[in-house]
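Bear in mind that the values in this text are calculations on the coordinates, not laboratory data. Here the structure is a predicted model, which means the values were calculated and not measured. Note that we place each Cβ from the backbone using ideal geometry, even for glycine, and neighbour counts take in every protein chain shown.
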Amino acid sequence: MSAGRAAPAAEIFSSFQGEGLLVGERQLFLRLRGCNLNCRFCDTPDARDSGRCRIQTAPDRPDSVAVDNPITVDRVIEAFGALDVPPGLHHSVSLTGGEPLVQAEFIAALLPRLTWPVMLETNGTLTDRLLAVRDGLDYIAMDIKLPGATGQPAQWAAHRAFLAAAMEGPTVFVKAVIAAAVTEPEIVEAARLIASVDPSIPLFLQPVTVSRDDASLRPPEVEQILRFHALARGYLSDVRVVPQMHRLSKGLR
Ligand code: SF4
């Protein structure tokens with residue numbers, strides 16, 4: 001088996017997209033393992049660890065089986081086929097993580113086998129790996145990581161290079177998690193960065209919903225959200241504030 005034909009995954013399942021431009025659309029999710037960052041608010045820490053892959057077995061039941069990693073392209077296609085019943089139930093596939101581009105070689109092997117539109121959910125830092133898969137994608141949902149939310153160093157240069165490369169083909173939009181500790185200069189820097197590529201790229205501001213005993217992870221106050229939106233609108237024509245809907249839809253994955 002070639003190295004690109006199998007990759008470690010955390011789960012395969014059917015659900016509704018909770019963020020960004022395709023919010024509310026039903027998707028087939030492949031959550032790959034591995035990430036090159038370490039955000040403070042990470043809601044998928046298990047996707048960064050080793051472990052087995054949970055595969056949902058029917059679209060209308062939460063039952064799943066656990067299989068050993070790595071999983072193959074053929075296994076992903078089989079799992080998606082079992083979930084997309086009746087055929088056409090799903091709008092598209094979401095390749096998520098972790099950071100899915102850590103497994104870019106596997107994605108390059110998977111893309112030609114997918115019959116659904118494909119969205120990549122990415123932290124927007126691995127430009128070289130994006131170039132290996134970009135032409136097979138229909139949507140790119142790119143995060144901009146704000147240091148006040150992630151607790152990590154800024155990624156401005158990496159984000160700018162990634163966004164410029166992403167624009168050469170798929171529909172692109174940007175998401176940014178905002179927390180009380182995010183500063184106005186960070187919002188301005190992010191909005192300027194996007195505008196320098198294309199001021200019509202949609203930006204989704206997502207108030208953080210992680211609840212931990214960490215003051216830096218408090219959600220922003222309403223006044224802060226309003227100010228962040230107004231600042232971003234000074235540079236961009238499409239700025240939206242949307243809660244992370246999958247945190248609200250209990251009972252759904
Ligand atoms: S980039 Fe995503 S998966 Fe990686 S640490 Fe940040 S939130 Fe978690």
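Across the range 36-125, C-alpha contacts under 8 Å between residues 6 or more apart give a mean separation that, scaled by the residue count, equals a relative contact order of 27 percent. Among GLY169, GLY88, GLY136, the largest mean-square fluctuation in a Gaussian network model of the chain (Cα springs under 10 Å) belongs to GLY88. With contacts taken as Cα pairs under 8 Å and at least 6 residues apart, the chain reaches a relative contact order of 18 percent. Taking label positions 7 Å along the Cα-Cβ direction at both ASP128 and ILE225, the computed distance is 4.0 nm, reported to one decimal. From the square roots a ≥ b ≥ c of the eigenvalues of the alpha-carbon gyration tensor of the range 8-62, which class results: rounded (a/c under 1.5), prolate (a/b over b/c), or oblate? Oblate.
Along the axis of the charge dipole computed for the chain (Cβ charges of +1 for Lys and Arg, -1 for Asp and Glu, origin at the Cα centre), the listed residues PHE204, GLY97, PRO170 are led at the positive end by GLY97.
Using the rule -39500 (n - 2.57) for each DSSP H run of four or more residues, divided by the residues of the chain, the 222 nm mean residue ellipticity is -7000 deg cm²/dmol.
Once you have the Kirkwood Rh of the chain from its Cα pairs, apply Stokes-Einstein at 20 °C and 1.002 mPa s and quote D in µm²/s.
116
Only sites in a loop by DSSP and with at most 13 other Cβ atoms within 10 Å count here; which GluC sites (Glu not before Pro) in the range 120-191 make the cut? It would help to have the intermediate numbers written out before the result.
Values: sites: GLU121, GLU168, GLU186, GLU189; in loops: GLU168.
Counting only loop positions with at most 13 other Cβ atoms within 10 Å, the GluC sites (Glu not before Pro) in the range 120-191 are GLU168.
Spacing of the modelled spin labels on VAL67 and SER237, each 7 Å from Cα toward Cβ, amounts to 4.5 nm.
Would you work out if the range 101-217 is rounded, prolate or oblate? Take a ≥ b ≥ c from the square roots of the eigenvalues of the alpha-carbon gyration tensor; rounded if a/c is under 1.5, else prolate when a/b is larger than b/c, oblate otherwise. In terms of gyration-tensor shape, prolate. Measuring nothing but how far apart in sequence close Cα pairs (under 8 Å, 6+ apart) lie, relative to its length, the range 107-210 scores a relative contact order of 27 percent.
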